[in-house]
Structures are given as C-alpha cells and as structure tokens.
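Here is the structure we will look at, set down as structure tokens.
The values are calculated or read from the model by the stated rules, or taken from the named source; none is laboratory data. Here the structure is a predicted model, which is why all the values come from computation and not from measurement. Cβ coordinates were reconstructed from backbone atoms using ideal geometry, including for glycine residues, and neighbour counts include every protein chain displayed. Only protein heavy atoms, including side chains, enter the accessible area calculation; ligands, DNA and RNA are left aside. Shrake-Rupley method; radii C 1.70, N 1.55, O 1.52, S 1.80 Å.
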Amino acid sequence: MTDAPTCHVLTPETAHLLAGAQVFDHPLRPARLAAFIADPGHDLVFATQGARVVGFASGTVLLHPDKPPAFFINEVGTAEDLRRQGIALQLCRLLMERARGRGCKGIWLATETDNIAARALYRRLDADETTGIVVYDWDGAMQG
C-alpha cells in the first residue's frame, strides 16, 4: 500500500522538495521559483508521496482599488498516474482556505470547455460554472 500524499505550502523552507518535480508544464527554474516565493501575492501548495511531488495548485491575489482582494487560481496539476484520487481536490481546498484567510472575497479560475476532468473537480468544490465568457490573450499567454 502506498502512503497517502502529504500537503505542503511553498515557502523558502519547503522549496527544495520541488526539485525534479514532473507535475509542472516545464522544469522549474531556480530564479523564477525564488521570485515566486518572494512575491506575497503568489501562493502555491503541493503534495508529495515519499520524495515524489504528485500535485500542486497555485494562485494569485488580485488587488483592485475599489474592491476587496480576489484570488485567481492559476493552475492545478496532478501526476497522470494518480489522477482521480482526490489529490487535486485536497490541494484546491487548501489553496482556497489560504486565499480566504488572506481576506480574498472571490475565488475564480478558467478552464477549457473540453477539460472534463477539471470541470468535474471544480463542480466537486461547489463552484458556480459561468458561461458566455470569451478569453483574449496577448503574446501567447494561453500557450503556456
């Protein structure tokens, strides 16, 4: 039997656990990781199983001069062989709890209409599905 995943919050003290992680789109770059950690508006939680990183969720606090802070979930990823086992659900709940603890009054994200697994996850998190939104991007922002 495999050990249950352990959740972590990304800090300077836990960053070393991400070494060699395969759940991100690209290999981590130390300078970018350090900048991410140093920015108080960013948050990332991740799960390990033994020494292996098996999932993560990241987000950003959005500040406006006329509204309370909101939180945008940037990305959620789980090791392909461990999907549909509740890891992403647990990480999203932790990330959302942290956002609310920071005073964020709204949490949102976007996903592709054909990403059935992600949409099922967000429904399990009791999200309201919004329709009729068009996404625009510049400089290849949506290409990863």
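Restricting the search to the range 40-50, which residues are outside any strand (DSSP E or B) and under 25 Å from residue 122 (Cβ atoms)?
Initial filter on the range 40-50 (outside any strand (DSSP E or B)): 40-41, 50.
If the condition is that a residue be outside any strand (DSSP E or B) and under 25 Å from residue 122 (Cβ atoms), then 41 is the only one that fits.
Hey, among the residues in the range 42-53 that are at negative phi and small (Gly, Ala, Ser), which one's surrounded by the fewest Cβ atoms within 10 Å (Cβ to Cβ)?
Taking the candidates together, the pick is 51.
In the range 12-22, how many are free of Cβ contacts under 8 Å to residues at least 40 places away in the same chain, part of a loop (DSSP other than H, G, I, E, B) and open to solvent by 40 Å² or more (accessible area, probe 1.4 Å)?
4
Considering only the range 52-88, how many residues are among the aromatic types (Phe, Trp, Tyr) and closer than 19 Å to residue 105 by Cβ?
2
Suppose we filter 86, 41 for residues that are out of contact with any strand residue (DSSP E or B) (no Cβ under 6 Å at 6 or more places or on another chain) and either among the hydroxyl-bearing types (Ser, Thr, Tyr) or without any contact (Cβ under 8 Å) to a residue 24 or more places away in the chain (or both); which single one remains? If you could, list the steps in order and put the result at the bottom.
Details: 41 fails: out of contact with any strand residue (DSSP E or B) (no Cβ under 6 Å at 6 or more places or on another chain).
Result of the check over 86, 41: 86.
Here are some residues: 81, 39, 25. Which one is open to solvent by less than 80 Å² (accessible area, probe 1.4 Å) and of a type outside the set (A, V, I, L, M)?
Of the residues listed, the single one that is open to solvent by less than 80 Å² (accessible area, probe 1.4 Å) and of a type outside the set (A, V, I, L, M) is 39.
Which of the following residues is surrounded by 13 or more Cβ atoms within 10 Å (Cβ to Cβ), touching an Asp or Glu at 6+ places or on another chain (Cβ under 9 Å) and farther than 14 Å from residue 59 by Cβ: 123, 119?
Every option except 119 fails the conditions.
Examine the range 127-136 for a residue that is surrounded by 11 or more Cβ atoms within 10 Å (Cβ to Cβ) and modelled with pLDDT under 95, and state whether such a residue exists.
Let us first name the residues in the range 127-136 that are surrounded by 11 or more Cβ atoms within 10 Å (Cβ to Cβ), namely 127.
With modelled with pLDDT under 95 added as a condition, the list becomes 127.
Yes, there is a match, as at least one residue in the range 127-136 is surrounded by 11 or more Cβ atoms within 10 Å (Cβ to Cβ) and modelled with pLDDT under 95.
Looking for something closer than 29 Å to residue 4 by Cα and open to solvent by 90 Å² or more (accessible area, probe 1.4 Å) - is there at least one such residue anywhere in the range 103-116?
Yes.
Could you list, in sequence order, the residues of the range 99-119 that are touching a residue at least 12 places away in the same chain (Cβ under 8 Å), within 21 Å of residue 84 (Cα to Cα) and assigned to a helix (DSSP H, G or I)?
117, 118
Which of the residues spanning the range 51-80 are under 25 Å from residue 117 (Cα atoms) and assigned to a loop (DSSP other than H, G, I, E, B)?
The answer is 79, and nothing else.
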